[in-house]
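Scroll down for the structure; my scribbles are underneath it.
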Amino acid sequence: MAPSLTSAPQSRSFVYALVGNPNCGKSTLFNALTGLKQKVGNYPGVTVEKKIGTVYSQHGTAMSVIDLPGSYSLASRSPDEAVTRDVLLGRRPDTPAPDRILCVVDATSLERSLYLVHQILDLGRPMILIVNMMDLTFQNGLQIDIELLKQTLGIPVIATEATKGKGLIELKLAMSRLDLPLSKHAWSIPQEISSAVAQLQASLTADSQKLYLTARAEALLLLTDQAPVHVEGSKAIHPRTAEILSSWQKRWEQEGVDWAAVLIQSRYDAISKLSAKVINESETGPSLTDRIDYVVTHPVWGWLVLGISMVLIFLSIFSLAEYPMNWIDSHVTLLGNWVKGSLNPGDLRDLITDGAIAGVGSVLVFLPQILILFFFIGLLESTGYMARAAFIMDRLMNRVGLNGRSFIPMLSSYACAIPGIMSTRTIEDEKDRLITILVAPLMSCSARLPVYLLMMAALVPSDRVPLFTKATLMVLMYTLGTAGAFGFAWLFKKTLLKGSQPKMIMELPPYHLPHLKQILFQMIERAWIFLRNAGSVILTISIVLWFLSAFPKAHDGASAQEQLSQSFAGRTGHLLEPIIKPIGFDWRIGIGLISSFAAREVFVSSTAVVFSVNNNTTHAQTTPLRLALRDAHWPDGRMLFTPLVCLCLMIYYVFAMQCMSTVAVVRRETNSWKWPLFQIAYMTGTAWIITFLVYQVGTLFGF
């Protein structure tokens with residue numbers, strides 16, 4: 001239990017809730033306040049992310065900050081908004097109601113942001129209002145009287161520029177105060193519903209022991225929220241309160257009173273009066289954001305900008321990453337050669353070189369490209385362009401039964417399907433959310449990059465793949481995945497998950513200069529996850545696969561091919577070969593397909609382990625993987641990795657569900673094994689059918 005308000009400053013530790021509209025800079029402010037002192041998890045019973053950070057007061061006392069999901073109103077429309085509502089109202093047993101509240105608003109759209117502020121002030125808790133992005137008010141022709149806003153509301157109001165760190169000292173000083181005042185704002189509840197509010201307030205106070213003002217705020221919310229979202233783990237309202245609410249609603253329906261509209265309009269009237277006092281808007285013509293949007297959201301030029309942006313990202317992935325990739329590749333080779341020269345021939349040396357180094361090194365080399373992809377995804381989000389991309393795609397998304405809001409999770413899935421699937425929590429319609437989850441893994445994630453690039457290297461006879469060839473094949477793979485996602489979204493909307501055509505209401509945030517520090521932080525976080533996987537999952541699988549490929553030992557004098565064929569891995573691959581031979585794959589590729597279900601990039605390390613067995617183990621040099629693939633043949637002498645087979649492997653990985661982590665996240669998000677199992681079945685089946693058609697037609701024409 002927190003100490004009393006009379007405790008000495010250095011012993012008082014507060015718990016703050018950080019709330020605000022989406023795109024108001026809340027996450028940037030949270031990171032600026034807490035730095036690396038954060039814990040990230042999920043709320044028990046619901047998959048919404050839970051972030052808790054630590055801020056130190058001016059007295060050195062640690063204060064906790066809970067970063068709640070962005071919300072436009074406490075009348076929740078999605079699971080993440082429901083969590084914000086329930087934490088503030090004390091409905092979640094796992095998260096006690098915070099002592100104080102930090103509410104962030106966007107200075108460029110203050111009047112719209114004040115709706116949420118108005119609702120939170122009703123809670124009657126100490127609160128600090130943070131007016132962020134003050135640097136953008138001038139170019140938008142706005143002047144905000146911070147001092148008058150402070151006097152009118154009766155609470156601390158801090159002007160900040162979170163991306164530049166301005167106002168943070170003043171904010172920490174305000175957070176450290178013991179005597180944080182309660183708001184003196186007041187507004188008149190409409191007479192038509194005042195009796196109902198009083199009765200609900202009394203019931204909530206008696207049933208839940210809520211504070212008087214908190215009960216009043218919840219009573220107002222119950223009347224506003226006509227279709228409340230309930231999330232697992234949160235307390236439902238008491239049956240007596242629900243009965244009172246239902247009786248009043250029936251009465252109003254008979255009298256023709258739209259109680260929610262009356263309440264909402266009353267709030268907006270109070271907000272309009274406040275805005276007129278503190279906001280001075282001058283005539284400056286179109287803002288910079290408006291001028292940029294004239295081009296990037298144009299029906300024609302917008303598509304051109306989006307297309308050019310995507311092409312530039314792909315070209316950068318190849319051109320910028322070439323030097324660090326070559327550097328990593330050369331040092332992995334040097335390490336392998338050094339181990340081979342330092343140890344005597346035998347199982348231990350083979351385990352280290354053909355298992356650990358070959359497996360991990362073959363995947364590690366693709367780290368620069370993955371980081372570049374994450375950099376550009378972060379850049380699109382940080383500048384505000386990501387919302388414009390969703391706006392442009394809205395018309396196309398409507399053709400498949402979704403709206404532009406689904407495009408953001410799908411675009412995020414280009415980096416990784418897991419955060420893409422988790423970001424579907426902002427989609428209000430449950431069926432649309434489920435459809436987006438089902439198709440998001442079809443977007444080519446960064447884990448597919450190593451597979452694509454390896455196949456490109458094996459596909460071209462020369463040692464260097466031309467940049468144009470890389471870009472063309474990569475665009476083809478991403479186009480296939482995107483077309484597949486749209487196609488299945490349309491199919492599911494028409495069959496399994498029929499529903500009404502969704503409408504999108506989306507805020508287009510003002511443009512910002514990219515917050516490079518935050519983007520860099522995200523890249524480091526992603527690099528650490530990748531390296532952790534390389535050092536644990538991929539290393540473990542590589543070593544296990546080496547063992548399965550090397551044992552049991554063949555008879556003396558057996559060739560490397562015979563040894564692999566009769567090994568545990570070889571026997572498993574032979575069992576799979578009748579299924580995959582019609583699509584051009586042999587039993588050795590089958591070993592890679594099985595092992596890569598742990599993670600798609602494991603296919604590269606598995607292939608490195610499997611095909612290194614074919615090398616002469618007494619050879620002093622480590623043969624590059626692409627050369628080993630070019631030397632692989634069928635028993636009748638035909639080349640295994642023909643250009644057609646390389647293309648088929650790339651197509652297979654576009655559609656196949658080869659990621660256990662994604663399956664686990666889908667299970668958690670849908671709270672059922674039904675949908676992840678369906679996802680595995682339809683994606684793997686589609687991958688086999690399309691690859692079969694491409695291979696058989698290609699073979700027929702002599703490719």
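So the values come out like this:
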| read-out | value |
| --- | --- |
| Criterion (within 19 Å of the chain's Cα centre (by Cα) and part of a helix (DSSP H, G or I)) met by exactly one of 663, 654, 645 | 663 |
| Output for region 225-267, where each listed residue is at pLDDT 80 or above, surrounded by 14 or more Cβ atoms within 10 Å (Cβ to Cβ) and under 26 Å from residue 113 (Cα atoms) | 259, 260, 262, 263, 264, 266, 267 |
| Selection count, region 1-27, where residues are modelled with pLDDT under 85 and either outside any loop (DSSP other than H, G, I, E, B) or surrounded by fewer than 22 Cβ atoms within 10 Å (Cβ to Cβ) (or both) | 16 |
| Candidate set: region 550-570, residues that are of a type in the set (Gly, Ala, Ser) and assigned to a helix (DSSP H, G or I); chosen: the one farthest from the chain's Cα centre (by Cα) | 560 |
| Yes/no for residue 693 being surrounded by 15 or more Cβ atoms within 10 Å (Cβ to Cβ), among the aliphatic types (A, V, I, L, M), at pLDDT 85 or above and in a helix (DSSP H, G or I) | no |
| Meets criteria (farther than 27 Å from residue 700 by Cα and at pLDDT 85 or above) for residue 588 | no |
| Any chance residue 628 is surrounded by 15 or more Cβ atoms within 10 Å (Cβ to Cβ) and assigned to a helix (DSSP H, G or I) | yes |
| Residue 196 being closer than 20 Å to residue 263 by Cα and of a type in the set (A, V, I, L, M) | yes |
| In region 511-540, the residues that are touching a helix residue (DSSP H, G or I) at 6+ places or on another chain (Cβ under 9 Å), of a type in the set (Val, Ile, Thr) and modelled with pLDDT under 75 | 537, 538 |
| Residue satisfying condition, being touching a His at 6+ places or on another chain (Cβ under 8 Å) and modelled with pLDDT of 80 or more, within set 639, 657 | 639 |
| Residue satisfying condition, being among the basic types (Lys, Arg), in a helix (DSSP H, G or I), within 28 Å of residue 646 (Cα to Cα) and free of Cβ contacts under 8 Å to residues at least 12 places away in the same chain, within set 581, 517 | 581 |
| Filter result for residue 326 (exposed (fewer than 14 other Cβ atoms within 10 Å of the Cβ), out of contact with any Phe, Trp or Tyr (no Cβ under 7 Å at 6 or more places or on another chain) and not in a helix (DSSP H, G or I)) | no |
| Failed item in (1) exposed (fewer than 12 other Cβ atoms within 10 Å of the Cβ); (2) of a type outside the set (S, T, N, Q); (3) closer than 30 Å to residue 449 by Cβ, with residue 305 passing the rest | (1) |
| Complete set of residues in region 46-94 that are at pLDDT 85 or above, among the acidic types (Asp, Glu) and either surrounded by fewer than 21 Cβ atoms within 10 Å (Cβ to Cβ) or in a helix (DSSP H, G or I) (or both) | 86 |
| Residue identified as surrounded by fewer than 17 Cβ atoms within 10 Å (Cβ to Cβ), closer than 20 Å to residue 477 by Cα and modelled with pLDDT under 80 among 315, 373 | 315 |
| Residue check for residue 600: charged (D, E, K, R), in the same structural domain as residue 680 (by TED's automatic domain parsing), at pLDDT 85 or above and over 15 Å from residue 355 (Cβ atoms) | no |
| Number of positions in region 187-224 that are in a loop (DSSP other than H, G, I, E, B) and either at pLDDT 70 or above or outside the structural domain of residue 123 (by TED's automatic domain parsing) (or both) | 4 |
| Among the residues listed as 313, 317, 244, 264, the single one being over 36 Å from the mean Cα position of the chain (by Cα), assigned to a helix (DSSP H, G or I) and in contact (Cβ under 8 Å) with a residue 24 or more places away in the chain | 244 |
| Test: residue in region 331-349 that is surrounded by 23 or more Cβ atoms within 10 Å (Cβ to Cβ), out of contact with any strand residue (DSSP E or B) (no Cβ under 9 Å at 6 or more places or on another chain) and acidic (Asp, Glu) | no |
| Among the residues listed as 464, 433, 448, 425, the single one being farther than 19 Å from residue 667 by Cα, crowded, with 20+ Cβ neighbours inside 10 Å and of a type in the set (Lys, Arg) | 448 |
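One line per residue, one yes/no per condition, for (1) farther than 29 Å from residue 423 by Cβ; (2) of a type outside the set (Val, Ile, Thr); (3) modelled with pLDDT of 80 or more:
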residue: 292; (1), (2), (3): no, no, yes
residue: 304; (1), (2), (3): no, yes, yes
residue: 309; (1), (2), (3): no, yes, yes
residue: 357; (1), (2), (3): yes, no, yes
residue: 388; (1), (2), (3): no, yes, yes
residue: 392; (1), (2), (3): no, no, yes
residue: 404; (1), (2), (3): no, yes, no
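The values are calculated or read from the model by the stated rules, or taken from the named source; none is laboratory data. In this text, all values refer to a predicted model and were calculated from it rather than measured experimentally. For neighbour counting, all protein chains shown are included, and Cβ atoms are generated from backbone atoms with ideal geometry for every residue, glycine included.
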